[in-house]
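Each value in this text was obtained by applying a stated rule to the coordinates, not by laboratory testing. Quick caveat: nothing in here was measured; it's all calculated off a predicted structure. Don't worry about glycine lacking a Cβ; one is built from the backbone with ideal geometry, like all the others, and counts go over all protein chains shown.
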Amino acid sequence: MLAAVSNKITMSIDNGTSWRTTDSVFTDKAILTLFSNRDVLYAGTYYGGLFTSRDNGVTWKVSDTTILQARSYVSSFSSKDSVVYVSTLSGVYYSTDDGQSWVWMVDGLTAFTPSRLIVSDTNLILATNYGMFISPVSQKKWTKIDSGLTSGGYSETNFNCLALSGDKVYAGGDLSDLFVSADNGTSWHFLAILLGGITSMAVSDTSLFVLGGHGIFLFDNHDHTFTNLNRNISSTILAIFHHGEYLFASTNEGLWRSSTSSLTSIHSSEHSALEFRLYQNFPNPFNPSTTISFSIPTKSFVTLKVFDLLG
């Protein structure tokens, strides 16, 4: 596991219990994001270029002069099989040779801003300060998406983060909105509001952890509520990520970790079913299908009947 501390990269082989510093090539470069794919490590910097390591982070070198010459702000990485994608302040690039060369991918993008990028089964999904964009993996052409990205009559256009969990994609907005897509980013549905904005998300199995204005929260997919998990971190939390059996929180004073099993068990005990409860169906509106969830205090047979407005 690797972690960036300003202009240094540290490595841990015991889930964060101990750390050692790697190569010092980043002396004058602030590291913004780290990524791995097919035994190659990637480091994106703040206007200092993109670097790769092929010896588990021991040494690093400039990946490609194209991105370095652009002096670009590297904000996120993602991958699909052998193809690696990177979003920068000068657009999106992709590499098919493990980061040795990069191809510019900007057809359809209307603005270049710091952005978050993930790859679903069929689409590239790009969350920016000017809206949401998708591109079929096979086509490399962007289309702006607006369907469902509204809350309370307002359109969300400034997105801070994305997360992929199974067949669902989650997007967190600066206006405190959480959205979900079940069709690879083509259309979206509003889920909930977390006051203070959503700045980072992490996924562990089916659990979605969200960093908001007041700490770290676990999102409940049934009743669309948040449980505050920020029990003993007093410093400012910058980002969260999941690795192995732990959830990590990066702060301005160091790195914190907590077992995800303990976090989800706390949530389960706090939300154990004491009475019958029927939850809002999702998606809503829907065509042609929707999911209706419910909870009951004891195991039993259940009959669910659906009525229209006329009964």
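Here Ser147 and Leu89 are evaluated by their C-beta separation; at R0 = 30 Å the FRET efficiency comes out at 0.65. Here the label points at Val203 and Ala111, each 7 Å from Cα along the C-beta direction, are separated by 2.7 nm in the simple model.
Taking every alpha-carbon pair within segment 106-248, the share separated by more than 17 Å comes to 58 percent. Placing one equal scatterer on every Cα of the chain and applying the Debye formula, the log10 ratio I(q)/I(0) at q = 0.09 Å⁻¹ is -0.50. The protection proxy used here, the mean number of other Cβ atoms lying within 10 Å of each residue, ranks peptides 127-136, 216-225 as follows, highest first: 127-136, 216-225. Dimensions of segment 99-170 based on its C-alpha atoms, expressed as ranges along the principal axes with the largest first, amount to 45, 30, 19 Å.
In terms of its C-alpha gyration tensor, segment 146-189 has an oblate overall shape, because the principal axis ratio a/c (a ≥ b ≥ c, square roots of the eigenvalues) is not below 1.5 and a/b does not outweigh b/c. A Förster radius of 45 Å, combined with the Cβ-Cβ distance separating Asp308 from Thr236, puts the computed FRET efficiency at roughly 0.35. Pairs of Cα atoms nearer than 8 Å and 6+ residues apart set the relative contact order; for segment 48-201 it is 14 percent. Between Phe190, Phe179, Gln100, the Cα set farthest toward the positive side of the dipole of the chain (charges on each charged residue's Cβ, about the Cα centre) is that of Gln100.
Measuring between alpha carbons in the structure, the pairs from Lys61/Lys140; Lys61/Lys141; Lys80/Lys140; Lys80/Lys168; Lys8/Lys80; Lys29/Lys61 lying more than 21 angstrom apart are Lys61/Lys140; Lys61/Lys141; Lys8/Lys80. Taking a ≥ b ≥ c as the square roots of the eigenvalues of the Cα gyration tensor, segment 10-128 is classed as prolate, since a/c reaches at least 1.5 and a/b is larger than b/c.
Peptide packing: for 245-252, 194-201, the average count of neighbouring Cβ atoms within 10 Å per residue gives the ranking 194-201, 245-252, highest mean first.
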